[in-house]
Amino acid sequence: MAEHASGAAPREAPSIHLLDGPYVRELGRRLAVPEGSGRLLVYVALRNGRAVTRQRIAGTLWPEVGEDRAAGNLRTALWRLRAAGIHVLAEGGHGLAVAAGVAIDVFDANAWAGRVVSGTARQGDLDLARLHPAALDLLPDWYDDWLVLERERLRQWMLHALEELSRELVARGRYCEAIEAAITAIDVDPLRESAQRALIAAHLAEGNVGEARRVYAAFARLLESELGVAPSPATTALVGSPLPLAG
């Protein structure tokens, strides 16, 4: 590890982990988030550096109690975080925000997806291992209304990234990885036609026409069973002609 001019090793930046979390890493240690403080940490972290007023936080996290009680709950949740040695939230003139210099894994995942989708991926971005599986279903056991949209936003970014990753890997002749990327997206949403097209295209690029037609036929049966519709012309055109659903 590189050292500073003083001879001291560089200090690890604190980070908030929502994927398979929440937990915090600070001063090289993994810190468990105290019960009763997790939703506060997640809610503020998902604002990605934007400050949120105490009133809005309290009203969102504890809507079933009065303002005074909600404000007290917020103070208690903050105290528990600090008592646990977690100092990743800061208070300014506009409310609470994640402190400067604190990394948040959700937005690292978003940044990866953004590079892949925009065609500006780095060499290391083209490895499917860069995708954290939990990014496809953020905090699945939480049912808070304010989390639902954030979960879906992240899921859509990841699915688009997987499809684009599959196409890019095909272009580089890395067919096995391209197929795996498309299958990963389909596993999340079997009815997602763009992901099915990516898988069919990857099989065709590798010269496996039979595999491509098998995937198409299975998808056509699934669409008919679940939605009563047929694959789009764009998907059908990949395999040349509609296939019988039987078999």
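The values are calculated or read from the model by the stated rules, or taken from the named source; none is laboratory data. The model shown is predicted, which means the values in this text are computed figures rather than measured ones. Please note: Cβ atoms are built from the backbone with ideal geometry, for glycine as well, and neighbour counts cover all protein chains shown.
In the stretch 78-88, the count of residues that are surrounded by fewer than 17 Cβ atoms within 10 Å (Cβ to Cβ), closer than 24 Å to residue 24 by Cα and either of a type in the set (Asp, Glu) or under 17 Å from the mean Cα position of the chain (by Cα) (or both) is zero. Criterion applied to 150, 168 was being surrounded by 17 or more Cβ atoms within 10 Å (Cβ to Cβ) and either among the polar types (S, T, N, Q) or modelled with pLDDT under 95 (or both), and the one residue passing it is 150.
Residues of the stretch 73-107 that are farther than 28 Å from residue 130 by Cα and of a type in the set (Gly, Ala, Ser): 77, 83, 84, 85, 90, 92, 93, 95.
If the condition is being touching a residue at least 40 places away in the same chain (Cβ under 8 Å) and either within 12 Å of residue 184 (Cα to Cα) or assigned to a helix (DSSP H, G or I) (or both), then the stretch 149-173 contributes 150, 154, 157, 158, 160, 161, 164, 165, 168, 169. Taking the conditions (1) without any contact (Cβ under 8 Å) to a residue 12 or more places away in the chain; (2) in a helix (DSSP H, G or I); (3) of a type outside the set (Gly, Ala, Ser) in turn, residue 229 satisfies each one other than (2).
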